[in-house]
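Structure, as structure tokens:
Read-outs throughout are calculated quantities, based only on the coordinates presented, and are distinct from any laboratory measurement. Bear in mind the structure is a predicted one, so any value in this text is a computation, not a measurement. Note that we place each Cβ from the backbone using ideal geometry, even for glycine, and neighbour counts take in every protein chain shown.
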Amino acid sequence: MAMKEWFRDCAAVAVKLMHPIRWVTPLGMPVVQPYVKADNLNDKLCLLPIRKQINAFPPNFVHSLDSTHMMLTAIDCHRKGLTFAAVHDCYWTHGCDIDAMNVTCREQFIGLHRLPLAKDLSKVGHCSDRDCACEECGHPCSAFSSSERTSSHRQ
């Protein structure tokens, strides 16, 4: 529970600073929570984070680790010539390969969680080169002209 509260506290600080919650998975996949409110000020679309960012961050971060584990397991199964199929967090293989897949699944889980996940998370900045301060409100936000409405963000 202490880790969950730390995640929530970090998210609360980012929201207070008007930054969306972002992180990068151990596989290098950038994640940006989509919980924002759009405001149109001076013909600029400002995407302001909402409080949902705070409660959503801990489970979303854990889900991103679960999907990382699944991808690491799938990659290692492929490397070992094992059949791999999955839906959400259920993994399947041919019956004769179950023991080998169990070993792979455990190895990948242990390897993933030996990484300094919290330390790496603390290094991720909340600003990107597309962040700016809205001229009208002065809050940091992703500002785009009305004709440029896009949801792409670069890390």
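Using a simple spin-label model with pseudo-atoms 7 Å out from Cα toward Cβ, residue 4 and residue 96 lie 4.4 nm apart.
Within the shell defined by Cβ-Cβ distances under 14 Å, the residues around residue 120 carry a net charge of +4, with Lys and Arg each +1 and Asp and Glu each -1. Measuring between their Cα centroids, the stretch 80-126 and the stretch 38-71 lie 24 Å from each other.
When you count, for each residue, the other Cβ atoms within 10 Å and take the mean per peptide, how do 56-62, 18-24, 36-42 rank with the highest first?
Details: 56-62: 17.1, 18-24: 20.4, 36-42: 12.9.
Averaged packing, sorted descending, gives the order 18-24, 56-62, 36-42.
Structure note, pairs 16/119; 4/37; 16/44; 4/80: Cα-Cα distances above 31 angstrom occur for 4/80. Using a ≥ b ≥ c from the Cα gyration tensor of the stretch 1-40 (square roots of the eigenvalues), is it rounded, prolate or oblate, where a/c under 1.5 gives rounded and otherwise the larger of a/b and b/c decides, a/b for prolate? Taking the square roots of the gyration eigenvalues as a ≥ b ≥ c, the stretch 1-40 is oblate.
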